[in-house]
Amino acid sequence: MLKDRLLSSSSNLFQLNDSLPDCSDPSDPEQVEMALRYALLYWLAKAEQYFMKNYSVPEIDLSLRGRCAGQAFLQTWRIRFNLQLLRDNYSDFMQHVVPHELAHLIAYEEFGGRIRPHGKEWRSIMEQVFGVPAKTTHQFDVSETARQNYLYRCGCPGKVHGLTIRRHNKIIRGTNYLCKSCRKTLLFDSFKNSK
């Protein structure tokens with residue numbers, strides 16, 4: 001079934017088999033998007049085999065930016081991915097982020113909307129269906145994608161915290177963030193111009 005879907009929707013950029021694709025040029029947007037679609041079908045086929053049913057292929061959106069690697073939209077059966085983090089962390093992204101987001105959709109479909117986002121249902125899909133550790137966050141370097149241009153100081157000598165515009169605006173509206181080390185409130189210091 002996986003090969004039939006791939007043959008009907010892909011070019012010859014990848015060798016069709018039952019493993020994740022190896023993208024020869026992760027900087028090529030066309031190859032990366034095709035590899036992502038292939039990986040999504042690969043993980044979807046595992047869920048279909050386990051639950052013995054067919055799922056529609058989720059819509060893919062590559063517009064996600066910042067720190068987040070992926071987001072699943074349950075009611076619309078859509079997944080947003082961070083293309084830059086995919087390019088920078090190709091293998092780990094395909095092996096962990098793609099099944100992570102797909103597991104949210106499958107858990108919603110199989111167990112309903114009253115489950116916790118990273119609860120036992122989601123964890124069981126990650127571990128039993130996909131055979132992937134159920135990690136809730138990634139460890140990718142986001143220094144280039146998050147644009148932490150707002151510099152804040154705490155009580156630690158010489159320590160500077162880079163915050164995104166989103167967190168900076170929350171502080172302006174009254175939210176307080178604390179340093180994890182000294183537990184002092186972060187105070188605005190300066191703005192760093194982006195490259």
Selection count where residues are surrounded by fewer than 18 Cβ atoms within 10 Å (Cβ to Cβ), among the aliphatic types (A, V, I, L, M) and outside any loop (DSSP other than H, G, I, E, B), scope the range 61-77: 0
Matching entry among 83, 74 (being in contact with a strand residue (DSSP E or B) (Cβ under 9 Å, 6 or more places away or on another chain), at pLDDT 80 or above and on the phi < 0 side of the Ramachandran plot): 83
What are the pairs, 6+ residues apart or on separate chains, where a residue within the range 47-67 that is over 30 Å from residue 165 (Cα atoms) has its Cβ under 7 Å from a residue that is among the charged types (D, E, K, R)? 51/110; 54/48; 55/48; 55/109; 58/78
Does residue 27 qualify as being modelled with pLDDT of 75 or more, under 18 Å from residue 107 (Cβ atoms), exposed (fewer than 15 other Cβ atoms within 10 Å of the Cβ) and assigned by TED's automatic domain parsing to the domain that holds residue 108? no
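The values are calculated or read from the model by the stated rules, or taken from the named source; none is laboratory data. A quick note: this is a predicted structure, and the numbers were derived from the prediction, not measured. With ideal geometry, Cβ positions are generated from the backbone for all residues, glycine too; neighbour counts draw on all protein chains shown.
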